[in-house]
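Here the structure comes first, spelled out in structure tokens, and everything after it is commentary.
The values are calculated or read from the model by the stated rules, or taken from the named source; none is laboratory data. Here the structure is a predicted model, which means the values were calculated and not measured. A quick note on method: Cβ atoms are made from the backbone with ideal geometry, for glycine too, and the neighbour counts reach across all protein chains shown. Side chains are part of the model used for accessible areas, which takes the heavy atoms of the whole protein and leaves out ligands, DNA and RNA. Shrake-Rupley method; radii C 1.70, N 1.55, O 1.52, S 1.80 Å.
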Amino acid sequence: MKVGLFVPCYVDQFYPNAAIATLKLLQKLGVDVYYPPNQTCCGQPMANSGYEHLTGNCNRLFIENFSEFDYIVSPSGSCVLHIKDHLHDEKRESDALNVRHKVYELVEFLTDILKVKEINASFPFKVGLHQSCHGQRGLHLSSMSELVDTPFSKPMQLLNQVKGLEIITLTRPDECCGFGGTFCVVEEAVSSKMGKDRVEDHLMNGAEYITAADMSCLMHMEGILKRKNSNVKVLHIAEILNAE
Amino acid sequence: MNSIKHPELSTIFNEDEERVNWHDDTLWWIRAKRDKAAHGISEWEILRETASQIKDNVLSNLHQYLIDFEAKAQANGIVVHWAANAEEHNKIVLSLLQKKDIHQMVKSKSMLTEECHLNEYLEKNGIDVIDSDLGERIVQLAKEPPSHIVLPCIHKKKEEIGQLFHEHLGTEFGISDPQILTETARLHLRETFLTRRSALTGVNFAIAETGEFVVCTNEGNADMGAHLADIHIASMGIEKLIPKKKHLSVFLRLLTRSATGQPITTYSSHFKKPRKGQEMHIILVDNGRTVQLGRADFRNSLKCIRCGACMNTCPVYRRSGGHSYHNAIAGPIGAILAPNLDMKEYADLPFASTLCGSCTNVCPVKIDIHDQLYKWRQVIVKEGNTTAAKTMAMKVMDFTLSSPTRYKLAGKIGRWTIKHAPFTVNNKLNLWFKNREMPEAPKESFSEWFKKNK
Ligand code: SF4
């Protein structure tokens, strides 16, 4: 099984540790991981701003970089969802479709494909899990509070395997943090307020760390935490699952 | 063109953070009630699916159902009118009143008449309109539009309502006890019901099979108005049809559970024919609906039964208030319906969302709301309803991201800038920085690390 690692642009530039942890975690689990060096971005920032028609170049590049793999894995639910839903290439539509079918967010890859039952990790802290919307409602990483459904959570399933880790309960289990790509600047007031409220829920319930399967939400919440001078930290779920 | 858009209006709303918290909590409380009601019914998701399919059928056969409904309604003695747009609708109402020399009308809540701006039109033409839904009456007294389709004055605190009642209905200064305020409103409205000769109601469901229609209210005000008036006018959007009477139960079970968490609306009033000596009219209004029906990506939005669940759950609506949508129908569904009517005016609304998808999940008729918001963004940009600056920025982004070399260089410059010249990003021009710190710049990107460590 050959796996291509997709590291989204902002993770590459600002959160290399999340990507390093993802790579090491996959290697630890015996996966044959490759990192195509010419990758850039999934194109989501343009598409969500209404400029899907400008994503042709990103799409082409993505297909070139990742077509050859059995699976494509990425530590970002949001980017994976974008690829899954919107990757097109007029000239190589069947390749595009193929890529869309084999792209996985890290957590779902671990639970659904590798079927990981035991993770050798230890993280003795109180952790709040932020259910990023695109991962949760888009990729169905966990059940959603709006639906009448049997509860499940793939990230929780993994976090429960980490020694010493205590998950805190949130007052609003799956509210959006307000990042939303360019929404965070176009709708600055509402976005910041949503971020503040989301962070507050974690703080009120005693989190020492906030984690998620999506670094973008964490980047947003980190910005708010730092502005508050809080010592609560954010960590991508891969960093916790890889912690010894 | 309205120059004040959602981002500016919600910035103003957010100046009073206490108020935002209160607004958010109030609506979240209703969303929680909705969850409880939904989870109380094990077949909830089946109900949603059923409702969605019934509405799909309606939209695919709208033409036939409308003709069936018209024939049945006429046979029942209801006069049927057709209005292509808001203006025609308003004219029909006015002419019906003028024919009978009526200058006062009592109205039950109808979002369609808000959409058509009927009140303003009638008032300009010398007709005095009183809204009989309590919330609607309150915003009417405040000279404001409703901020929510089910809870029109949800943005007002009880103290503010007390003040309004003091000014307009003569309650004592400083009274804000809901019990007293409701009593006062009741008395005031009772007099209205007894003296007005004309009543207008909305329509929640119209049944093609029987030619009857159903109006749902919690206060019974639609009945009170309609039963006492000489002339009852009902205004309905053409999408309000359902095929058969037996389908009604599906929608009645979904409507208030989704709206407020109640098992059923307090009054579901069925109107089939005028009583002796009364005139009953129904106006079937298009106002952009057939255009939307023709837009394959957006036709689903016509399934909406106006329960308001998508607004209550929307984290953006809860923190920006209904008026920030500058449209009769606010929130996620309003953001899909409005651009259909005027794309330029409402080009901002599909962007007033994080696409979190919660709206789609609560919608009792399974409208793919957040996917439609995404699709509207593409249409709006393609049709040129965007700014040159934004287009420029996106082109630069494409230029940078389409080449690995340019991307890596840009990343390096970006990180260098944050580290060595933070003042260039940590300033007023950077909207991120207003309430949030910038991410720290690591010493190397992942790809640089990988090169060294692979
Ligand atoms: S779109 Fe759905 S949730 Fe929103 S008001 Fe309409 S029926 Fe209710």
Within chain B, longest stretch clear of exposed GluC sites (Glu not before Pro) (DSSP loop, no more than 11 other Cβ within 10 Å):
B:173-454
Farthest toward positive dipole pole in segment B:81-195 [+1 Lys/Arg, -1 Asp/Glu at C-beta], among B:Leu97, B:Asn125, B:Met111:
B:Leu97
Per-residue ellipticity at 222 nm attributable to helices in chain B (runs of n ≥ 4 DSSP H, -39500 (n - 2.57) apiece, nearest 500 deg cm²/dmol) works out to -15500 deg cm²/dmol
Which of the three applies to segment A:69-202, rounded, prolate or oblate, going by the alpha-carbon gyration tensor with a ≥ b ≥ c and a/c under 1.5 meaning rounded?
oblate
Checked against the positive end of the charge dipole of chain A (+1 on Cβ of Lys and Arg, -1 on Cβ of Asp and Glu, about the Cα centre), the farthest of A:Pro45, A:Tyr71, A:Cys9 is A:Cys9
When all protein chains stay in place, what accessible area (Å², nearest 10, 1.4 Å probe) is found for B:Lys33?
80 Å²
Looking only at Cβ-Cβ distances, which cysteines of chain B have no other cysteine closer than 4.7 Å?
B:Cys116, B:Cys153, B:Cys216, B:Cys304, B:Cys307, B:Cys314, B:Cys363
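Working with all protein chains in place, sort B:Thr210, B:Thr313, B:Thr11, B:Thr405 by solvent-accessible area computed with a 1.4 Å probe, largest first.
B:Thr405, B:Thr11, B:Thr210, B:Thr313
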Chain A: C-alpha gyration tensor shape, a/c 1.5 cut-off, then a/b vs b/c:
oblate
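Quick one: putting +1 on the C-beta of Lys and Arg, -1 on the C-beta of Asp and Glu, what dipole do you get for segment A:132-231 around its Cα centre, in Debye to the nearest 20? The partial results should precede the final answer.
On the way: 10 positive and 13 negative charges, 46 e Å.
In total the dipole reaches around 220 debye.
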Shielded residues, segment A:4-26 - accessible-area loss of 40 Å² or more between chain alone and all protein chains, probe 1.4 Å:
A:Asp12, A:Gln13, A:Phe14, A:Pro16, A:Ile20, A:Leu23
Taking R0 as 25 Å, what's the FRET efficiency between B:Ser95 and B:Val291 from their Cβ-Cβ distance, rounded to 0.05?
0.45
Show me you know the interface measure: the accessible area buried between A and B, both chains summed, probe 1.4 Å, in Å² to the nearest 100.
6300 Å²
In segment B:257-300, which trypsin sites (Lys or Arg not before Pro) fall in coil by DSSP and have 14 or fewer other Cβ atoms within 10 Å?
B:Arg275, B:Lys276
Could you give the size of the charge dipole of the protein assembly as shown about its Cα centre, using +1 on the Cβ of each K and R and -1 on the Cβ of each D and E, expressed in debye and rounded to the nearest 20?
820 debye
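Of the GluC sites (Glu not before Pro) in segment A:70-158, which ones lie in a loop per DSSP and count no more than 11 other C-beta atoms within 10 Å?
Values: sites: A:Glu90, A:Glu93, A:Glu105, A:Glu108, A:Glu118, A:Glu146; in loops: A:Glu118, A:Glu146.
Filter output for segment A:70-158: A:Glu118.
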Averaged over its residues, how many other protein chain Cβ atoms are within 10 Å of peptide B:344-356's Cβ atoms?
5
Spacing of the two label points (7 Å from each Cα toward its C-beta) at B:Glu345 and A:Leu97, in nm
4.2 nm
Which one, B:Phe399, B:Gly334, B:Ile12, projects farthest toward the positive side of the charge dipole computed for chain B from Cβ point charges (K/R +1, D/E -1)?
B:Phe399
The rounded separation in angstrom of the Cα centers of segment A:21-59 and segment B:272-316 is 42 Å
At 1.4 Å probe size, with no ligands or nucleic acids counted, give the accessible surface of B:Arg186 in Å², nearest ten.
120 Å²
How high is the FRET efficiency from A:Ser122 to B:Ile4, r the C-beta distance, R0 51 Å, rounded to 0.05?
0.40
What does the accessible area per residue of the protein assembly as shown come to in Å², with a 1.4 Å probe and no ligands, DNA or RNA counted?
40 Å²
For segment A:183-197, in residue order, the Karplus 3J(HN,Hα) values (coefficients 6.51, -1.76, 1.60; θ = phi - 60°; whole Hz; Gly and Pro = x) are 3, 5, 9, 4, 10, 3, 5, 5, 4, 5, 5, 4, x, 4, 5
Would you tell me the mean number of C-beta atoms belonging to other protein chains that fall within 10 Å of each C-beta in B:308-318, as a whole number?
3
Quote the charge dipole size of chain A about the Cα centre in Debye, to the nearest 20; the model charges only the Cβ of Lys and Arg (+1) and of Asp and Glu (-1).
480 debye
Once you sort the root eigenvalues of the Cα gyration tensor of segment B:374-454 as a ≥ b ≥ c, which label holds: rounded (a/c under 1.5), prolate (a/b larger than b/c) or oblate (the other case)?
oblate
Rg and Dmax [Cα atoms of segment B:248-309; Å; Rg one decimal, Dmax integer]
15.8, 46
Could you tell me how far the Cα centroid of segment B:399-444 sits from the Cα centroid of segment A:208-244, in Å?
19 Å
Would you mind getting me the FRET efficiency between A:Asn57 and B:Lys454? Use the beta-carbon distance for r and R0 = 22 Å, nearest 0.05.
0.25
Per residue in segment A:181-204, which ones lose no less than 50 Å² of accessible surface when going from chain alone to all protein chains (1.4 Å probe)?
A:Phe183, A:Val185, A:Glu187, A:Glu188, A:Ala189, A:Val190, A:Lys193, A:Met194
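Helix-derived [θ] at 222 nm for chain A: sum -39500 (n - 2.57) over DSSP H runs of at least 4, divide by residue count, nearest 500? Walk me through the numbers on the way to the answer.
Numbers: 11 runs with 100 residues, N = 244.
Mean residue ellipticity at 222 nm (helix-derived): -11500 deg cm²/dmol.
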A:Leu147 and B:Gln262 label points (each 7 Å along its Cα→Cβ direction) are spaced in nm at 3.0 nm
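In segment B:130-225, which chymotrypsin sites (Phe, Trp or Tyr not before Pro) fall in coil by DSSP and have 15 or fewer other Cβ atoms within 10 Å? Write down the numbers at each step before the final one.
Working: sites: B:Phe165, B:Phe173, B:Phe193, B:Phe205, B:Phe213; in loops: B:Phe173.
Filter output for segment B:130-225: B:Phe173.
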Starting from the 7 Å offset along Cα-to-Cβ, what nm value, one decimal, do you get for the label separation of A:Glu64 and B:Glu167?
6.5 nm
Count the DSSP beta bridges whose two residues both fall in chain B, then state the antiparallel fraction as a percent rounded to the nearest 5.
25 percent
